[in-house]
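Presented below is the structure to which this report refers.
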């Protein structure tokens, strides 16, 4: 069964074979960094030597586990672990040999062909696994304001459909199989934070701030941030500026600075002098008459551009908060966004694989 852990790494430069192989293995999630990836000489990793010195040398020559373990000077247990990872990532395939041993060789006879075939398989599996998002997503967060969007390096586990285990339902299987519950997920339960956050994003019509999440679920901000970031790294969600809160933040900043520094400061350093004079005069008059409330502020600044409002908030010393939303207006949009991220990563994988083939 295909189980691929994509872990996007900075793109390699140069044509050093060891560096390129190491990058490819890291990106395919075949190296756990807390172990041999932190060694002083990464070129001596058993997995890298297995690829470089054995499988890539003669791609179509089958090798049994006994000879591989002897040539690499590693235990059969360690070799089995590495071969299992390569087989799960579809880089290595096996067949029965004449001496009763399984004979292992590079899939399709070249690394670039193996990566290309893997990409085709991944695209088909993603189409199947992401399809439920179309019925799960009931909210429609506003995507008109794209300012402030930040992205993380792609980190996504891709697993082909499987039977549900125990008390799992479709959403539990989705979260588990895509690696959205972290490296060591606990058993799912009714109060599982990842599921609560995911379901909230599916039904929300506006970005969810950390303050709102803390108030709703009582979890700590760091834990919630890690949960949201896993969804961001998988391409499911985005971190964006809360444009829907702009009028409230603007009202609070103007009211506070008027009481603290007065109208002259508001019209000069406070930034109100940079917007339409009629609007700034109406704002000052409402402040003087104690009629400047959130409703009046929203109506008054409704015709001011978002860029000018953000500038005013900045000059007033306010701050527009961030929030989290799904990466599309519909489940279909979210699935398309994730597929584009995966395709982009595989474009780099194919280019590196072709270079490695040429060097060998």
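Observations on the structure shown:
- Rounded tilt (10° steps) of 331-359 against the dominant C-alpha axis of the chain: 40 degrees
- Potential extension, residue 131-residue 329 segment - 0.36 nm per residue separation minus Cα distance: 69.8 nm
- Per-residue extension of 0.36 nm, minus the Cα-Cα distance of residue 358 and residue 344, leaves a gain of 2.9 nm for this segment.
- Both radii are taken from the alpha-carbon atoms of the range 244-315; with Rh as the Kirkwood radius, Rg/Rh is 0.90.
- Normalising the average separation of contacting C-alpha pairs (under 8 angstrom, six or more residues apart) by the number of residues puts the relative contact order of the range 1-131 at 21 percent.
- Label point at residue 17 placed 7 Å out along Cα→Cβ; residues across the range 324-360 whose backbone nitrogen lies under 17 Å: 352-360
- C-alpha long axis of helix 277-288 to longest principal axis of the chain, angle in °: 70 degrees
- The angle between the Cα long axis of helix 111-130 and the longest principal axis of the Cα atoms of the chain comes to about 50 degrees, rounded to the nearest 10.
- Per-residue Cβ neighbour rank within 10 angstrom, fewest leading, 104, 80: 80, 104
- Alpha carbon centroid spacing (whole Å) that separates the range 314-359 from the range 207-225: 24 Å
- Relative protection proxy for 289-299, 12-22, from highest mean packing down: 12-22, 289-299 (other beta-carbon atoms within 10 angstrom).
- Simple label model, 7 Å out from Cα along Cβ direction - residue 99 to residue 199, nm: 5.7 nm
- Estimated 222 nm signal from helices in the chain, with DSSP H stretches of n ≥ 4 weighted -39500 (n - 2.57), rounded to 500: -15000 deg cm²/dmol
- Comparing 203, 256, 247 in a Gaussian network model of the chain (Cα springs below 10 Å), the most mobile by mean-square fluctuation is 256.
- Residues 60, 246, 76, 103, sorted so that the one with the fewest Cβ neighbours within 10 Å comes first: 60, 76, 103, 246
- If the chain linking residue 140 and residue 87 were pulled fully straight, counting 0.36 nm for each residue of separation and taking away their Cα-Cα distance, it would gain 15.1 nm.
- Pair residue 117, residue 277: separation of 7 Å Cα→Cβ label points (nm): 7.5 nm
- In this rough spin-label picture, where each label sits 7 Å from Cα along the Cβ direction, the residue 151-residue 170 distance is 2.9 nm.
- Among (i) 23.3; (ii) 23.9; (iii) 22.1, the entry derived from the coordinates for Kirkwood radius over Cα pairs in Å: (ii)
- Arranged from fewest to most other beta-carbon atoms within 10 Å of their beta carbon, 342, 304 become 304, 342.
Laboratory data are not the source of any read-out in this text; all were calculated from the coordinates shown. All values reported here derive from a predicted model rather than from experimental measurement. So basically every Cβ, Gly included, is an ideal-geometry build from the backbone, and we count neighbours across all protein chains shown.
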